[in-house]
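Data first, discussion second: the structure below is written as structure tokens.
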Amino acid sequence: MPMYQVKPVFGDDIKTDLPTCMYKLPNIHAQRSASGCSEHALQNGTEVDPAFRDLEVRQDKIMRRLNELKAAVDGLAKTVTTPDADLDQTVTSLSQSPTATSFRGTADLDSLLGKDLGALRDIVINANPARPPLTLLVLHAMLCQRYRVLSSVHVHSSVSGVPAQLLSCLGPRHADSYVRQRFQLGFTLIWKDVSKLQMKFSIQNMCPIEGEANVARFLFRLVAPYPSDPALATLVDSWVDTAFFQLAEGSAKERSAVLRALNGALGRDPWLAGPELSLADIACYCCVLQTGPAASSPANVQRWLKACENLGHFGPANPLLQ
């Protein structure tokens with residue numbers, strides 16, 4: 001006989017449902033109902049509250065906006081992340097020239113500068129105000145005829161007393177300069193105390209390009225292709241080097257020799273290299289006028305200078321020669 005006797009709590013007829021699978025997931029292949037309400041996502045077999053769906057749509061809009069802002073910041077980073085970020089004065093402009101260019105064909109920016117990933121492709125140039133790069137101002141005017149160029153002039157803290165004509169050398173300020181996405185190319189000129197002109201395009205992937213001649217070669221390729229004939233391309237490079245190393249920096253004897261060579265070459269052809277204007281003409285034009293008045297040049301050189309001025313490309317450089 002047991003010491004204690006307890007009545008059963010449950011009856012003998014209780015049945016227990018055992019699971020038929022280890023994990024249970026909602027059916028992702030559920031058929032959509034005709035009412036359209038089933039387009040809400042299903043979670044644990046039930047419909048998601050429409051408020052969550054609205055929140056998800058709002059989040060997508062915010063992410064798209066953040067991507068646009070990131071693209072704008074990446075464009076600004078080309079200037080801000082350089083050692084030239086200590087800027088005291090800024091002038092932003094979009095220059096346009098009414099004169100049609102004589103070049104044939106427009107260079108493809110994607111093939112020359114890489115694919116546009118949303119950030120403005122900005123060319124940043126450091127130049128000394130004591131030696132304004134006239135060649136680059138001419139090429140800037142040509143770029144503005146080809147592309148929508150956002151131009152800006154800054155003054156570094158290493159220099160002071162920059163003349164007003166240097167601050168406005170790229171043209172007046174443009175009303176839409178704060179909307180960088182509207183432009184194809186950025187052209188940033190920083191007046192800074194540097195011994196040699198420097199240019200940066202991609203801050204992460206390239207070292208600076210130094211020297212006005214080398215930067216001019218880079219910019220000219222954005223305007224028109226270099227001659228495909230190796231002999232003609234070599235002739236162009238030879239005149240460019242002659243202009244910067246002998247006309248601009250050489251002695252009086254060297255300058256006289258170059259003027260005689262120019263006079264002889266221009267007596268045979270209207271332009272220095274080929275049947276049309278080239279980088280050789282642009283570089284030599286600026287360096288000839290920087291070294292002295294046009295009236296002191298030989299006859300063929302004077303005729304050539306007048307032909308260059310008639311094209312209208314050299315307007316931005318002329319005020320700085322006076």
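What to note about this one:
- Residue-normalised convex hull volume from the C-alpha trace of segment 204-319: 124 Å³ per residue.
- The residues of segment 126-268 expose, per residue, 45 Å² of accessible area to a 1.4 Å probe.
- Of the trypsin sites (Lys or Arg not before Pro) found in segment 189-252, those in coil by DSSP whose Cβ has at most 16 other Cβ atoms within 10 Å are K196.
- Placed amide H near G186: partners under 5 Å, 5+ positions off or other chain: R121, D122, I123, L150
- Surface composition of segment 227-319: carbon and sulfur atoms hold 55% of the protein heavy-atom accessible area at a 1.4 Å probe.
- Förster radius 22 Å - calculated FRET efficiency between R148 and K196, Cβ distance, rounded to 0.05: 0.15
- FRET efficiency, N318 to S111 (Cβ-Cβ, R0 25 Å, nearest 0.05): 0.15
- Extension gain for S160-N27 works out to 40.6 nm (0.36 nm per residue, less the C-alpha to C-alpha distance).
- Estimated FRET transfer efficiency when R0 is 22 angstrom, pair S251-R131 (beta carbons, to 0.05): 0.80
The values are calculated or read from the model by the stated rules, or taken from the named source; none is laboratory data. Quantities reported herein were computed from a predicted structural model and do not represent experimental measurements. When we count neighbours, we look across all protein chains shown, and the Cβ atoms used for this are built from the backbone with ideal geometry, even at glycine. The area values use the complete protein model at the heavy-atom level, side chains included, leaving out ligands, DNA and RNA. Shrake-Rupley method; radii C 1.70, N 1.55, O 1.52, S 1.80 Å.
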